[in-house]
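What follows is one structure encoded as structure tokens, with my remarks underneath.
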Amino acid sequence: MNSLYLSSLFHIFLLISTLIPISTSQTSIITSTCNAAVSANSASYDMEFCVEALSSVPGSESANIRGLSVIVTNLAITNVTKTLATIQELLSNLNNCYQYYKEMNYGLASAVGEIKQGRIESAGDKLGTVRNYPTKCDIVLSEAVVRKNPLSLENENLNELSALAYQITELITNQGFGNKNN
């Protein structure tokens, strides 16, 4: 009689456990929602990303599908807000680089005029002043939140060219090639 009683209790427990959702079924709402989102759209959503993103938010395991929709939309808003801040910083840093390049353009053009008029030392001074501007721009951009300089190749090329221009004028100055015929 005791084993019949235990067997009956076990069957009642099984019946109740299938009727009452437990925490694993709440986790499965995240999985099933992500699976449905991945399957329903022709875009290539990443199932793992979806589950990890939704699971990362406290309370998501007890949310219904509307709650999950709010959660994922709030995650998107957070991402957009951070991206806008990054873009704003990048624009500010690019503006600083723009100013460096404007000054460099003026300095290089002035140096050409000085060289043509035989004022090699003056040209060298101008070139010496502007030759580090690409590096300054590089530093501003690489220290930004973006941590990636969109002008690194241009800065590298200009850094080399301006250093070369400076070195050539230094050669002229140091070797006595300052007269107009050389």
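The values are calculated or read from the model by the stated rules, or taken from the named source; none is laboratory data. Keep in mind the model is a prediction, meaning the values are calculated, not measured. Note that each Cβ is placed from the backbone with ideal geometry, even for glycine, and that neighbours are counted across all protein chains shown. The area values use the complete protein model at the heavy-atom level, side chains included, leaving out ligands, DNA and RNA. Shrake-Rupley method; radii C 1.70, N 1.55, O 1.52, S 1.80 Å.
Tabulated values for the structure
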{"quantity": "Qualifying positions in the stretch 83-141 - open to solvent by 60 Å² or more (accessible area, probe 1.4 Å), more than 23 Å from residue 152 (Cα to Cα) and among the polar types (S, T, N, Q)", "calculated": "117"}
{"quantity": "Complete set of residues in the stretch 49-82 that are open to solvent by 40 Å² or more (accessible area, probe 1.4 Å) and outside any helix (DSSP H, G or I)", "calculated": "56, 58, 64"}
{"quantity": "Near pairs, Cβ below 8 angstrom, 6+ apart or cross-chain, from the stretch 104-115 (under 19 Å from residue 135 (Cα atoms)) to any residue that is open to solvent by 50 Å² or more (accessible area, probe 1.4 Å)", "calculated": "107/126; 107/129; 108/126"}
{"quantity": "The lone exception for residue 61 - which of (1) modelled with pLDDT of 85 or more; (2) within 30 Å of residue 141 (Cα to Cα) it fails", "calculated": "(2)"}
{"quantity": "Pairs where the first residue, in the stretch 51-64, is under 15 Å from residue 35 (Cα atoms) and the second is small (Gly, Ala, Ser) and assigned to a helix (DSSP H, G or I), C-beta under 7 Å, 6+ apart", "calculated": "54/60"}
